[in-house]
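One structure below.
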Amino acid sequence: MSTFLENARQIFDAAQAAMRAGQTPSDLTILINEEGHIEVLAESDWPLDRLLADRGARIAYRVRAERRGGGICLEGRSISEYCRLETADRAREALRGPCATPDRRPSETLPILPEG
């Protein structure tokens with residue numbers, strides 16, 4: 001598994017653990033630049049690809065907690081990769097729309113595991 005996907009899984013697991021502990025994680029965006037420095041933005045509604053370009057980051061992850069239903073949605077983007085992880089509750093509601101980003105353009109959800 002790539003570092004990009006491993007980081008996404010770890011962030012997703014941390015958000016799920018917070019939900020299980022009775023806390024609602026804040027909506028946040030995590031940016032990682034070329035040197036590995038991390039910047040965390042609270043409740044940013046910018047599309048991830050625009051944040052990558054504007055902030056000079058190489059990787060961006062966004063975590064959103066669904067207040068209704070208690071689901072978690074994580075989206076990750078780099079220059080060459082995209083992923084989206086959702087709790088089972090959120091996946092059942094996916095027909096309502098992608099991870100509740102207001103100006104989000106449609107995108108393709110890619111498989112986590114390589115075909116083989």
Taking the options A8, A18, name whichever one is among the small types (G, A, S) and more than 15 Å from the chain's Cα centre (by Cα). A18
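Can you pull out the strands (runs of 3 or more DSSP E) entirely within region 9-110 that have at least 1 residues that are out of contact with any Lys or Arg (no Cβ under 9 Å at 6 or more places or on another chain) and modelled with pLDDT under 90? Write out each step before concluding.
Working: elements: 28-33, 38-42, 57-65, 72-78, 82-86.
Qualifying strands (runs of 3 or more DSSP E): 57-65.
The values are calculated or read from the model by the stated rules, or taken from the named source; none is laboratory data. Because the structure is predicted, anything quoted here is derived from the model rather than measured. Quick reminder, even Gly has a Cβ in these numbers, built from the backbone with ideal geometry, and neighbours come from all protein chains shown.
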